[in-house]
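Below is one structure, written out as structure tokens; comments come after it.
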Amino acid sequence: MKRTILNIIGWLAVVLGTLGVFLPLLPTTPFILLAAWCFAQSSPRFHDWLLYRSWFGGYLRHWQQHKAMPPGAKSRAIVVTLVTFAFSLWLVKMLWVRFLLLGILACLLIFLWRIPVVDAKQQK
């Protein structure tokens, strides 16, 4: 029963994480990390799929090995975050929602800025 529940939570997290790539306020990373943990506890097959065959696998393996982002990933994440939030700010007309979005954006950028990056020497 526990394995089934963890598999369901893991797949739900994969779906939400994938949606988070395209939706500005839905975070991707926490859901993918949750999915990796659930699959590690419940299904080696799904865990291997997530690590070696999914779009997120390279980032997850890199995080497991170095506890840091690969070179270039941080700048791409910051650019994508800025673009999606700029689009959201352009669409939203209510002032209080714009301020809320700006606050969330500031928190996300601070979080991203603080994540370490592994340089090429450390990767080898």
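Here is how the numbers come out for the structure above:
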item	result
Derived scalar couplings ³J(HN,Hα) [the range 64-71; Karplus, 6.51 cos²θ - 1.76 cosθ + 1.60; whole Hz; x for Gly, Pro]	5, 7, 10, 6, 7, 8, x, x
Order of exposure, largest accessible area first, which applies to Thr28, Thr4 with probe 1.4 Å	Thr4, Thr28
Per residue value of the accessible surface for the chain (all protein chains in place, 1.4 Å probe), Å²	69 Å²
[x] 0.94; [y] 1.16; [z] 1.03, with the label sought being that of the calculated Rg/Rh (Cα atoms, Kirkwood Rh)	[z]
Shape of the range 1-69, Cα gyration tensor, a/c cut at 1.5	oblate
Under 5 Å, built H, 5+ apart or other chain: amide partners of Met69	Val117, Val118
Percent carbon-and-sulfur accessible area, the chain, ignoring ligands, DNA and RNA, probe 1.4 Å	72 percent
Cα-based helix-to-principal-axis angle, 29-42 vs the chain, degrees rounded to 10	20 degrees
Chain lengthening between Trp55 and Leu19 when straightened (0.36 nm per residue, less Cα-Cα)	11.7 nm
Inter-probe distance in nm under a simple model that places probes 7 Å from Cα toward Cβ, at Trp37 and Lys2	1.5 nm
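The values are calculated or read from the model by the stated rules, or taken from the named source; none is laboratory data. Being a predicted model, the structure only gives us computed values, none of them experimental. Neighbour counts are summed over all protein chains in view; Cβ atoms, including those assigned to glycine, are modelled from backbone coordinates with ideal geometry. With ligands, DNA and RNA removed, areas are computed over all heavy atoms of the protein, side chains included. Shrake-Rupley method; radii C 1.70, N 1.55, O 1.52, S 1.80 Å.
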